[in-house]
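Quick notes on the structure that follows.
The values are calculated or read from the model by the stated rules, or taken from the named source; none is laboratory data. Keep in mind that this is a model prediction, so the values were computed, not measured. Please note: Cβ atoms are built from the backbone with ideal geometry, for glycine as well, and neighbour counts cover all protein chains shown. The protein model used for the area step is the full one, side chains on, heavy atoms only, and it has no ligands, DNA or RNA in it. Shrake-Rupley method; radii C 1.70, N 1.55, O 1.52, S 1.80 Å.
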Amino acid sequence: LVFNPMINTENNEATAIFNADFTQIYFTRCDTDLPGQENEYCRIFLSTLQEDETWTEPIELPFQIAERNYGHPALIQQDSVLVYTVKVDDGSETYDLYYSVLEEEGWINSFPMPKSINTDGNEKFPTSDGDTLYFSSDYLPGLGGLDIFKTYLRRDNSWSPPQNMKAPF
């Protein structure tokens, strides 16, 4: 697939993921020209593949709040849960994981992951394999630095306790 200039711009685009049938792409874009922004903030965008195999103009997902950095989208639960990283400009300089559940109206709400996952440290780089969510944390017990952990959304809509993947990961 060829990415048109609406997706691949002069800005910094990164961390692209596709839905299961490759008809949607979610990606991070860092841009100083977004409305109402004076600083460079990163946002998550969505573009859809059209019948002529071109991509629609990317739209910023609606749950994002000004003056926060968003990035690293990951899809789980048959593309119905979007997990991502958020850095709130509150002086803490840390990143946490948040998620949004796809509703009829789209991705409209944003929820923080539970305290068993989000810590006083950094939780970053979510990725998925099926319905298993992997992420890095520099605070949860591990080998040091950004260890890799896994979790999943249980049937009761709670998140399983994070498990350290340990060496050699």
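Observations on the model:
Yes/no matrix, rows are residues, columns are (1) over 15 Å from the mean Cα position of the chain (by Cα); (2) over 22 Å from I25 (Cα atoms):
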{"position": "F63", "(1), (2)": "no, no"}
{"position": "S80", "(1), (2)": "no, no"}
{"position": "W107", "(1), (2)": "no, no"}
{"position": "K115", "(1), (2)": "yes, yes"}
{"position": "P126", "(1), (2)": "no, no"}
{"position": "G130", "(1), (2)": "yes, no"}
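- The one condition in (1) among the polar types (S, T, N, Q); (2) open to solvent by 70 Å² or more (accessible area, probe 1.4 Å); (3) not in a loop (DSSP other than H, G, I, E, B) that Q78 fails to fulfil: (3)
- The single condition from (1) assigned to a strand (DSSP E or B); (2) surrounded by fewer than 15 Cβ atoms within 10 Å (Cβ to Cβ); (3) among the hydroxyl-bearing types (S, T, Y) that S92 fails is (1).
- Test for D96: is it among the acidic types (D, E) and within 14 Å of the chain's Cα centre (by Cα): yes
- Within the stretch 73-99, tally of residues that are under 17 Å from A20 (Cα atoms) and not aliphatic (A, V, I, L, M): 5
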